[in-house]
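I have placed the structure first, in the form of structure tokens, so that the comments after it can refer back to it.
Just so you know, all these numbers are worked out from the coordinates, no wet-lab data involved. These figures come from a predicted structure and were not determined experimentally. Positions of Cβ are generated from backbone atoms using ideal geometry, with glycine treated the same way; all protein chains shown enter the neighbour counts.
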Amino acid sequence: MKFAYSYRIERPDYEELNPFFNISDPHNISTGNPFLKPEIGNRFELGYSKT
């Protein structure tokens, strides 16, 4: 029998947080959201094996 638990924090990349406009390509203007929060994940795993 196996039980596992993991806790993970995924933080936004720099491009996703950058509040300034990227206008290097006039057909593809992008900007980030400085108010993004990290994504938190909890994972539980229960396993059973019989040989």
With label points set 7 Å from each Cα along the Cα-to-Cβ direction at Leu46 and Thr31, the distance between them in nm comes to 4.8 nm
Report Rg (one decimal) and Dmax (nearest whole number) for the chain, counting Cα atoms only, units Å. 19.7, 62
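Under the rule of -39500 (n - 2.57) per DSSP H run of 4 or more residues, summed and divided by the residues of the chain, what mean residue ellipticity at 222 nm is obtained, to the nearest 500 deg cm²/dmol?
Numbers: 1 runs with 4 residues, N = 51.
Helices in the chain give a 222 nm mean residue ellipticity of -1000 deg cm²/dmol.
How about the chain: which chymotrypsin sites (Phe, Trp or Tyr not before Pro) there lie in a loop by DSSP and see at most 12 other Cβ atoms within 10 Å? Provide the component values of the computation, followed by the final result.
On the way: sites: Phe3, Tyr5, Tyr7, Tyr14, Phe20, Phe21, Phe35, Phe44, Tyr48; in loops: Phe20, Phe21, Phe35, Tyr48.
When the chymotrypsin sites (Phe, Trp or Tyr not before Pro) of the chain are filtered for loop state and at most 12 Cβ neighbours within 10 Å, Phe20, Phe21, Phe35, Tyr48 remain.
Only Lys, Arg, Asp and Glu count, each charged at its Cβ (+1, +1, -1, -1), so figure out the dipole size of the chain about its Cα centre, rounded to 20 debye. Each step should come with its number before you reach the end.
Details: 6 positive and 7 negative charges, 108 e Å.
The calculation lands at about 520 debye.
With an 8 Å Cα cut-off and a minimum separation of 6 or more residues, compute the relative contact order for the chain in percent.
Details: 73 pairs, mean separation 26.5, N = 51.
It rounds to 52 percent for the chain.
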